[in-house]
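Note sheet for the following structure.
A short reminder: the numbers here are calculations on the coordinates, not readings from a lab. Nothing here was measured: the structure is a model prediction, and the numbers come from that model. Cβ placement follows ideal geometry from the backbone for every residue including glycine, while neighbour counts extend to all protein chains displayed.
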Amino acid sequence: MRVSASRFIELYFGGSVDRALIIRQPHIGKILNGIKTWEMRSTSTKIRGKIGLIESGSGMIVGEVEIERVYGPLPTEHLKHNKDKHQCSVTDLVKWRYAWVLKNAKRYDKPKPYAHPKGAVIWVKI
């Protein structure tokens, strides 16, 4: 029996996610290790709740996290005082002014491959 990636995750990992966020290393590793709790982005998002995490270039859904809220746009001074949450250098934050607040990050024991749609750079529906 064939099932979609989102159905597989729901059955296998005990949760339902219908989309996944693409994140590069080292940021995704810091999120999954609980070090980084703010994912910095140039725009806000209305998405809340559990999402999958895709390691950029891997072709794999490697974990999941919950988006709790979004702060922003944040002034540079506020970003400087919260480096422990976003783990980025201040020079990187010129473009990224929105903090997507994350919680309950979980790394999957067995990452799940997915079909990467042409043109997807931030979100993938799974």
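Would you kindly state how much longer the chain becomes between ASN33 and LYS83 on full extension, computed as 0.36 nm times their sequence separation minus their alpha carbon distance, in nm to one decimal?
Length gained between ASN33 and LYS83: 16.4 nm.
Sorting check: for 40-48, 18-26, which peptide has the highest mean count of neighbouring beta carbons within 10 Å, and how do the rest follow?
Descending packing order for the listed peptides: 18-26, 40-48.
Rg and Dmax of the chain, Cα atoms, in Å?
Final numbers for Rg and Dmax: 14.7, 54 Å.
With the contact rule set at Cα under 8 Å and sequence spacing of 6 or more, what percent relative contact order holds for the chain?
For the chain, the relative contact order is 33 percent.
So what's the gap between the Cα centers of the stretch 39-59 and the stretch 67-126, to the nearest angstrom?
Cα centres, the stretch 39-59 to the stretch 67-126: 6 Å.
Can you work out the PRE-style zone for THR76? Point 7 Å along Cα to Cβ, and I want the residues of the stretch 87-107 with backbone N under 12 Å.
Residues passing the 12 Å test: 90-95.
Which Cα, out of LEU32, SER56, HIS81, lies furthest along the positive dipole direction of the chain (beta carbon charges, K/R +1, D/E -1)?
Of the candidates, SER56 comes out farthest on the positive side.
Among the lysines in the chain, how many pairs, 8 or more places apart or on different chains, have alpha carbons under 15 Å apart?
Counting lysine pairs in the chain gives 15.
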